[in-house]
1. For the stretch 293-312, what are the residues that are open to solvent by 20 Å² or more (accessible area, probe 1.4 Å) and in contact with a helix residue (DSSP H, G or I) (Cβ under 6 Å, 6 or more places away or on another chain)?
2. Specify the residue that is nearest to Asp77 (Cα to Cα); the eligible residues are those in the stretch 102-115 that are open to solvent by less than 30 Å² (accessible area, probe 1.4 Å) and touching a strand residue (DSSP E or B) at 6+ places or on another chain (Cβ under 6 Å).
3. If you check every pair at least six apart or on different chains, which have Cβ atoms under 9 Å apart with a residue in the stretch 173-189 that is over 16 Å from Leu344 (Cα atoms) first and a residue that is open to solvent by 90 Å² or more (accessible area, probe 1.4 Å) second?
4. If Asp38 satisfies all but one of (1) at pLDDT 95 or above; (2) surrounded by 15 or more Cβ atoms within 10 Å (Cβ to Cβ), what's the number of the condition it fails?
5. Counting only residues that are assigned to a helix (DSSP H, G or I), in contact with a helix residue (DSSP H, G or I) (Cβ under 6 Å, 6 or more places away or on another chain), open to solvent by 30 Å² or more (accessible area, probe 1.4 Å) and closer than 13 Å to Ser251 by Cα, how many does the stretch 203-221 have?
6. Would a scan of the stretch 160-183 turn up a residue that is under 27 Å from Asp252 (Cβ atoms), open to solvent by 30 Å² or more (accessible area, probe 1.4 Å) and acidic (Asp, Glu)?
7. For the stretch 239-259, does any single residue satisfy the condition of being in contact (Cβ under 8 Å) with a residue 40 or more places away in the chain and out of contact with any helix residue (DSSP H, G or I) (no Cβ under 9 Å at 6 or more places or on another chain)?
8. Working only within the stretch 362-384, note down all residues that are within 22 Å of Arg195 (Cα to Cα) and either exposed (fewer than 14 other Cβ atoms within 10 Å of the Cβ) or in contact with a helix residue (DSSP H, G or I) (Cβ under 8 Å, 6 or more places away or on another chain) (or both).
Amino acid sequence: MPPTIRPVSSKRDLAVFIALPRRIYGDFPDYVAPLDHDRAQLIDPKKSAFWTHGEAAYWLAYDSKKKPVGRISAQIDDLATGPQHEGAGYFGCLDAIDDAEVVAALVETAQAFLAGKGKSLMRGPFTLSINAESGLLIEGFTAPPMVLMPWHPPYLRAHLEAAGYRLVKVLHSYAFDRRRSDLAERLEKLGMERRRRGFSVRPMRMDHLGEDAELGRVLFNGSWAANWGFVPVSQAEMAAMIKAFRPLLKSDYGVFVEKGGELVGFALFLPNVFEITGDLGGAPSPLGWLKLAWRGLTRRFTSGRAVLFGVAPRLVGSVSGASVSLILVDEMMRRAGITGVQDLECGWILDDNYAMTSVVEWLGAQSTRRFGVFEASIQPLRAE
């Protein structure tokens, strides 16, 4: 019997939508549920920064016993402009039981919504922006959970492809292990002392966090503007990320490289919140929330993820730009040591960004997981 697809139209529906992955993936040994509270910051229209520059619709799939068995979103991002986004609408939050019919019904519903908005292409998954959680996990299912990286079961790719979607981009995530004895040697072989001449490096200023966040956002947007899939990080999104992680941030989690008073490089890594939330489930008890508060105050994180990394646009592709990139990597390694982080994940990196992948692989980074971006043509129902 085909599933019943219903729109999310109430606060209760939204709660079911947010909690669904942990309810259907709970028996998978490699799945670790994020907090429902954190999911709401990405999805809830009243809380998500995405809704300041886009719109979205959500649906749930129910089986014959009226049990929720899948979900999907369809969204339009007003910041996704330029030729590569021409006619594109997006989907995300795709989670379902191992049933091709359920996935097909969800995808068709999202397509119909976007077609009604005049879109001719559906691409994803993104939650909800490419700057939040991107892609469908296609490799690395047993890797430890990492902040702002989604988890999906292996069967979901096959069902999505059976519904007519093709893989168009692969996003790589790499991990550096600071315990590797040769990492410092590899960096030194690149002549780091020579490359640092003329540049100054400083950490993030916690007493000017908003100002530094804006400086980093502007540089990041300029650095990556020419890349596939680029959508600028908005002020609202940057502010929301800083607000969400503010209690856990330290000055050494941010790196600013300057030359002659000009900001030419920026990197930001976030602590892996799964270290303190992973055993609490998606909806902690009152005692669980107390544990979380205590851990947040006392825990020295041992893993984290570089979420933003950029070089001044005028230096992209130049020798100086390469030096800035290496300085940022070197500084992240040094500052990770200061804060106690041993495992630093860098992701995502486009599969055809050979300049970046060759450097991180030469430095000994190991591929931890890959995410796929899929798309299919749809028939618009009206002109844009």
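The values are calculated or read from the model by the stated rules, or taken from the named source; none is laboratory data. Because the structure is predicted, anything quoted here is derived from the model rather than measured. Here the Cβ positions follow ideal geometry from the backbone for every residue, glycine too, while neighbour counts run over all protein chains shown. Calculation scope for accessible area: heavy atoms of the full protein, side chains included, ligands and nucleic acids excluded. Shrake-Rupley method; radii C 1.70, N 1.55, O 1.52, S 1.80 Å.
1. The first filter runs over the stretch 293-312 and keeps only residues open to solvent by 20 Å² or more (accessible area, probe 1.4 Å), leaving 293-300, 302, 307, 309.
If the condition is that a residue be open to solvent by 20 Å² or more (accessible area, probe 1.4 Å) and in contact with a helix residue (DSSP H, G or I) (Cβ under 6 Å, 6 or more places away or on another chain), then Arg295, Gly296, Arg299 are the ones that fit.
2. Selected residue: Leu114.
3. Arg186/Trp362
4. Of (1) at pLDDT 95 or above; (2) surrounded by 15 or more Cβ atoms within 10 Å (Cβ to Cβ), only one is false for Asp38: (1).
5. 1
6. Yes, the stretch 160-183 has at least one match.
7. Yes.
8. Correct list: Trp362, Leu363, Gly364.
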